[in-house]
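Written below as structure tokens is the structure these notes are about.
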Amino acid sequence: MKHINISLYASEGPLCKTGKKWDLRGSRGGAGGFGGRVMRKVGIAVLAALCLSACSTPNRNALDNNDPYEAANRSVFELNQTIDSLTLRPTTERYNNYVPEGVRDGIHNALENLALPVTFANDLMQAEPKRAGQTLGRFMMNSSFGIAGLFDVASRAGIPEHKEDFSQTLAVWGVGEGPYLMLPFLGPSSPRDMVGMGADFALDPTLYIRIKQHIWWIAGREYVTILDRRARNLETLDDIERDSLDFYATSRSLYRQYRAKEIRNGSPRPENPN
Amino acid sequence: MRDSFLKQSLAKALSFAFFLGLLFAVAGLSAAPASAATPAEQFVTDNVQQGLTILNNAQLSKEQRRAQFRDYLLGLTDIKRIAEYTLGQYRRTASPDELAAYGAAFKDYAVTVYQSYFTKYSGQTLQVTGSYPLGSDESVVKTVMIDPKKPNAKPLQVNFRVLSQGGRFYVIDFSVEGVWIREMERSDFTSYLGQNNGNIALLTASLKKKATQIK
């Protein structure tokens, strides 16, 4: 069951990095095969989504919310909720209870630091030299003075943090997000986010470091990333679920708004939502 | 020989990259120019911290705190406007009676929910960082919540949408990390109504139930 824990609710990061359960084609070996495999998985998932669309007739509400596969998405959402309550939530609760906050913060910082090369590449592709400089500066400082990223000394020095991914880069380039998709294990997404996940996976330099048993590095990192993210959102998501009448619709709005804000890099909303 | 040369070059390249990184970082630090607070910014500065103070006041009993926060929040916000906004397209077809009952239930629900959100930040300090206009009579005031226990952590971005009407200001929405609560509620409620034939009385009953559960 471990693979479920590994990939559940990852709103970013590539599709099924563990490469076990979902590796439909089998490992080709070596780092070079990953990109192709990921793209193939994206293709299969998009095909699956199209098949689902053929057997459901979206109602007006679903179309208004750019969620034509709402019925299918809701089933997957329910599945994810069940898996979460059985596996990820208990693990996360233990993690929060037994691991001291300082250690959890250190782990979070180290993971954020590992993600910086991908952010840097996307900063450059979005033609944001200032933000690219901040990312590079953070990576240099935190990797060295911050002891492999465990301590966020760059923030103390006043270099603000931010995150970029390839889906955001595509958005900056003018690619639309496409319909809302709820992926099994991986949580809310969209076709653009799925392509972005694959590209970010391929952009990650650690993918190309040749070490033995590389898969364990990828799986271990992904496992801790998901645990960290779930642990940090546990309370907030619980509250939102408690307050909402339709948690599916609420979380869809939450995901969309949050992604839109990340794409705008916090600058004002161009549209007036009224 | 060649090996050590390589090592030296690598070390040089790395240190160069390091300083380049630092240089960029320093360049990125250029602070935004300070300017006088707009009236909307002043309104948020004056009022929102007051709400946090109520929630942080250990002298009050649970009921007193809730009552004070309720008065405070209803004085600060245009809750009727928020309530009607969250109905989306269903507002147009609702009868006045339905709207009134819904408005009352929403008020109770919103006070409870917003109190639970802001209680999380009660020990923190709010700092207005700027604002931008949104149409002729609205603006968004940007703030950050600074946790005195974690001064170096990335501060939480909390924004307030402020409406200027009849010579005074009202808060009509707020966002945490880019997620606007009113938008989220509208998605929630319209989706619920969509599944229940647009039955606003049912929504009203559900909100009442929720508010009691959360309290």
Just one listed residue, out of A:T119, A:T87, is over 17 Å from the mean Cα position of the chain (by Cα) and either within 14 Å of chain B (Cβ to nearest Cβ) or in contact (Cβ under 8 Å) with a residue 12 or more places away in the chain (or both), and it is A:T87
Residue that is surrounded by the fewest Cβ atoms within 10 Å (Cβ to Cβ), among those in segment B:201-215 that are without any contact (Cβ under 8 Å) to a residue 60 or more places away in the chain and within 9 Å of another protein chain (Cβ to nearest Cβ): B:Q213
Take the residues in segment A:247-274 that are touching a Gly at 6+ places or on another chain (Cβ under 9 Å) and farther than 17 Å from B:E177 by Cβ, then tell me which one is modelled with the lowest pLDDT. A:N274
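Okay, residues lined up against (1) modelled with pLDDT under 90; (2) buried (at least 16 other Cβ atoms within 10 Å of the Cβ); (3) more than 19 Å from B:I181 (Cβ to Cβ):
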position	(1), (2), (3)
B:G51	yes, yes, no
B:K62	yes, no, yes
B:A67	no, no, yes
B:Y72	no, yes, no
B:Y85	no, yes, no
B:A100	no, no, yes
B:F106	no, yes, no
Give me a count of the residues in segment B:135-160 that are crowded, with 18+ Cβ neighbours inside 10 Å and more than 18 Å from B:L52 (Cα to Cα). 3
Considering each of A:A231, A:A260 in turn, give the residue that is among the aliphatic types (A, V, I, L, M), touching a helix residue (DSSP H, G or I) at 6+ places or on another chain (Cβ under 9 Å), part of a helix (DSSP H, G or I) and within 14 Å of another protein chain (Cβ to nearest Cβ). A:A260
For the condition touching a Gly at 6+ places or on another chain (Cβ under 7 Å), among the polar types (S, T, N, Q) and free of Cβ contacts under 8 Å to residues at least 40 places away in the same chain, what is the one hit in A:N97, A:N109, A:N113? A:N113
Options A:I209, A:I226; residue that is more than 14 Å from the chain's Cα centre (by Cα) and more than 14 Å from chain B (Cβ to nearest Cβ): A:I209
So is A:G149 within 13 Å of chain B (Cβ to nearest Cβ), over 17 Å from the mean Cα position of the chain (by Cα), farther than 29 Å from A:L79 by Cβ and buried (at least 21 other Cβ atoms within 10 Å of the Cβ) or not? no
Given (1) within 19 Å of the chain's Cα centre (by Cα); (2) of a type in the set (F, W, Y); (3) closer than 23 Å to B:L99 by Cα, index of the condition B:Y192 fails: (1)
Could you pull out the residue among B:Y170, B:Y117 that is touching a residue at least 12 places away in the same chain (Cβ under 8 Å) and under 30 Å from A:R104 (Cβ atoms)? B:Y117
Among (1) out of contact with any strand residue (DSSP E or B) (no Cβ under 8 Å at 6 or more places or on another chain); (2) within 30 Å of A:F77 (Cα to Cα); (3) touching a residue at least 24 places away in the same chain (Cβ under 8 Å), there is one condition A:G178 misses while meeting the rest; what is its number? (3)
Of the numbered conditions (1) free of Cβ contacts under 8 Å to residues at least 40 places away in the same chain; (2) part of a loop (DSSP other than H, G, I, E, B), B:S175 fails exactly one; give the number of that condition. (2)
Scan segment A:194-217 and give yes if some residue there is crowded, with 21+ Cβ neighbours inside 10 Å and basic (K, R), otherwise no. no
Qualifying positions in segment B:173-189 - within 11 Å of the chain's Cα centre (by Cα) and aromatic (F, W, Y): B:F174, B:W180
Number of the condition not met by A:P188 [criteria: (1) within 14 Å of chain B (Cβ to nearest Cβ); (2) in contact with a Leu (Cβ under 8 Å, 6 or more places away or on another chain); (3) surrounded by fewer than 20 Cβ atoms within 10 Å (Cβ to Cβ); (4) under 30 Å from A:N65 (Cα atoms)]: (3)
Could you figure out which of (1) surrounded by 14 or more Cβ atoms within 10 Å (Cβ to Cβ); (2) at pLDDT 90 or above isn't true of B:S116? (2)
Take B:L193 and decide whether it is surrounded by fewer than 20 Cβ atoms within 10 Å (Cβ to Cβ), assigned to a helix (DSSP H, G or I), more than 8 Å from chain A (Cβ to nearest Cβ) and not acidic (D, E). no
Within segment B:147-172, restricting to residues that are assigned to a strand (DSSP E or B) and within 13 Å of chain A (Cβ to nearest Cβ), the one that is farthest from the chain's Cα centre (by Cα) is B:L163
Given (1) within 25 Å of A:K163 (Cβ to Cβ); (2) touching a strand residue (DSSP E or B) at 6+ places or on another chain (Cβ under 6 Å); (3) assigned to a helix (DSSP H, G or I); (4) not aromatic (F, W, Y), B:S187 misses just (2)
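Which one of B:G130, B:G123, B:G198 is part of a strand (DSSP E or B) and more than 9 Å from every other protein chain (Cβ to nearest Cβ)?
Matching residue, one of B:G130, B:G123, B:G198: B:G130.
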Do you know which of the residues in segment B:34-49 that are of a type in the set (A, V, I, L, M) and buried (at least 18 other Cβ atoms within 10 Å of the Cβ) is farthest from B:V144 (Cα to Cα)? B:A40
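The values are calculated or read from the model by the stated rules, or taken from the named source; none is laboratory data. The structure presented is a predicted model; accordingly, all values stated were derived computationally and were not measured. With ideal geometry, Cβ positions are generated from the backbone for all residues, glycine too; neighbour counts draw on all protein chains shown.
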